[in-house]
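Enquirer: Just dropping this structure here.
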Amino acid sequence: FLAENELVITQEMRSHFNQLFNRLSPIEQQIVLKLSQFEQPLSRETLRESVELSSTDLINGLQSLQ
């Protein structure tokens, strides 16, 4: 299934993802949403430039998401 170009997400999976996302802090949510917009890996510096967070909030948010 990994070779497929399409990913099927069931309603149960969607519900679970929503529950997980809603448990994140607003800063963590902002980071995850921004990361989801990029198709390639990006550097911390590129991420910092693309979010409206202080460096401290970004670092704390990334550490919390680990």
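Enquirer: Just to check I understand the Karplus step: with θ = phi - 60° and J = 6.51 cos²θ - 1.76 cosθ + 1.60, what whole-Hz values come out for segment 25-37, glycine and proline as x?
Expert: 6, x, 5, 4, 4, 4, 5, 4, 4, 5, 4, 5, 7
Enquirer: Which order results if Ile9, Ile31, Ile59 are arranged by neighbouring Cβ count within 10 Å, fewest first?
Expert: By the 10 Å Cβ count, ascending, the order reads Ile9, Ile59, Ile31.
Enquirer: For the chain, set up a Gaussian network in which alpha carbons nearer than 10 Å are linked by springs, and say which option among Gln29, Gln37, Gln19 fluctuates the most.
Expert: Gln37
Enquirer: Answer rounded, prolate or oblate for the chain, using the Cα gyration tensor with square roots of eigenvalues a ≥ b ≥ c: rounded when a/c is under 1.5, else prolate when a/b is larger than b/c, else oblate.
Expert: In terms of gyration-tensor shape, oblate.
Taken together, the values in this text are just the output of simple stated rules run on the coordinates, not laboratory data. Just so we're clear, the structure is a prediction, and the values are computed from it rather than from any experiment. Here Cβ is always computed from backbone atoms with ideal geometry, including for glycine, and neighbour counts include all displayed protein chains.
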